[in-house]
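Single-structure report; data block below.
The values are calculated or read from the model by the stated rules, or taken from the named source; none is laboratory data. All figures in this text were calculated on a predicted structure; none of them were measured in a lab. Cβ: placed from backbone, ideal geometry, glycine included. Neighbour counts: every protein chain shown.
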Amino acid sequence: MSEIVDQNVKKAGLNRRAVVKGAAWSLPVIAAAIAAPAASASGPTVTFIGAGSAVTYSGGNRSGTAPTGFRISGLIGAVSGTIIITPVGTVHARIGIQPASMFSTSAFDGNTSTTTYSAGTGTGQAIDISVGFFNLEDSAPNKPKPTDEYTYLMTVLLNGSPAVRAETNLTIRFK
Amino acid sequence: MIWRHGTLVAEVRTEPAGRVALLHLDATQPVVLDGTAAAIWELIDGRRDHAEVIAELEAAFEDAAGQLAHQVEAFLASLEAQRLIEAAHKTSH
């Protein structure tokens, strides 16, 4: 009995659906149900890797803390941007990005450095960019004292519309 | 030809809007059937042949352009190509 009922229900076909008789026919299509990845919906993002890690600044061989790199997620192909390192307060040293293939040579304006980068990978993927630092110290009489510790703001800008920004602090010690 | 829903197809539907989301278990991306596409899906039950499916649709829809039968045939071919439907006789006992 239940099978008969079931067959009757199935045979009812469109009668049990919300198809209004006489509705205009339209082309049936198979639509892809693609949920836009969150990264694509919000655009690429920049996050630091290992922020606050103990690092050594080449050049002066100074110790301090800094991120070991940064990650760009939700890529749309090739990307480029700028790394800016600005001192927080009075400093007697400048910090730049160690040369690597994806970095331009760091340029200094006073104690602020600017380094451009370019990288890229497939759409929707992420790339990790490792960063090393060097420091250039003022000479006497402004040479950093052994007790000095300076803080800098590191800003990574990712070109785009709108540009994406991430910031973290660097420290360097001179003891 | 009598069609039935693919045995490896997962299906979720909304009522009464008649939207049907389908995922072949070997596929990576679901598809959505809406409107007339969902109506066709509803009529694919392993019992009706394609002529009966078309007849039911012709009874339910106004087809001023006379494209219904041709479009249904093409749509069924698309469903088969994506392995969302399969011939009912293949596994009939």
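Residue pairs whose Cβ atoms lie under 6 Å apart, sitting 6 or more positions apart in sequence or on different chains, and linking a residue in the stretch B:54-81 that is at negative phi to a partner that is in a loop (DSSP other than H, G, I, E, B), are B:60/A:19; B:60/A:21; B:61/A:25; B:62/A:22; B:63/A:25; B:68/A:25; B:71/A:27; B:75/A:28.
Residue A:66 falls short of the stated requirement of being at pLDDT below 80 and of a type outside the set (Ser, Thr, Tyr). Filter the stretch B:29-47 for residues that are more than 20 Å from residue B:59 (Cβ to Cβ) and surrounded by fewer than 17 Cβ atoms within 10 Å (Cβ to Cβ) and give the result. Once the filter is applied, which keeps residues that are more than 20 Å from residue B:59 (Cβ to Cβ) and surrounded by fewer than 17 Cβ atoms within 10 Å (Cβ to Cβ), the stretch B:29-47 yields B:29, B:46.
If a residue must be hydrophobic (A, V, I, L, M, F, W, C) and at pLDDT below 90, how many such residues does the stretch B:57-75 contain?
Within the stretch B:57-75, the subset hydrophobic (A, V, I, L, M, F, W, C) is B:57, B:59-61, B:64-65, B:68-69, B:72, B:74-75.
Narrowing further to those that are at pLDDT below 90: B:64-65, B:74-75.
The number of residues fulfilling the criteria is 4.
What do you reckon, is residue B:26 in contact (Cβ under 8 Å) with a residue 40 or more places away in the chain, within 23 Å of residue A:22 (Cα to Cα) and of a type in the set (D, E, K, R)? For residue B:26, the condition - in contact (Cβ under 8 Å) with a residue 40 or more places away in the chain, within 23 Å of residue A:22 (Cα to Cα) and of a type in the set (D, E, K, R) - is not met. Residue B:26 meets the conditions (1) more than 11 Å from chain A (Cβ to nearest Cβ); (2) modelled with pLDDT under 90; (3) surrounded by 13 or more Cβ atoms within 10 Å (Cβ to Cβ) in every case but one. The failed one is (3).
For every residue, the table says whether it meets (1) charged (D, E, K, R); (2) more than 7 Å from chain A (Cβ to nearest Cβ).
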| site | (1), (2) |
| --- | --- |
| B:7 | no, yes |
| B:14 | no, yes |
| B:39 | no, no |
| B:48 | yes, yes |
| B:53 | no, yes |
| B:56 | yes, no |
| B:77 | no, yes |
| B:87 | no, yes |
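For the stretch A:129-145, residues that are touching a strand residue (DSSP E or B) at 6+ places or on another chain (Cβ under 9 Å) and within 14 Å of residue A:60 (Cβ to Cβ) total 9. With respect to being among the charged types (D, E, K, R), within 16 Å of residue B:31 (Cβ to Cβ) and surrounded by 15 or more Cβ atoms within 10 Å (Cβ to Cβ), residue B:83 fits the description. Among residues of the stretch A:46-67 that are touching a residue at least 60 places away in the same chain (Cβ under 8 Å), those with a Cβ under 8 angstrom from a residue that is outside any strand (DSSP E or B) and among the hydroxyl-bearing types (Ser, Thr, Tyr), sequence gap 6+ or separate chain, pair up as A:49/A:68; A:55/A:68.
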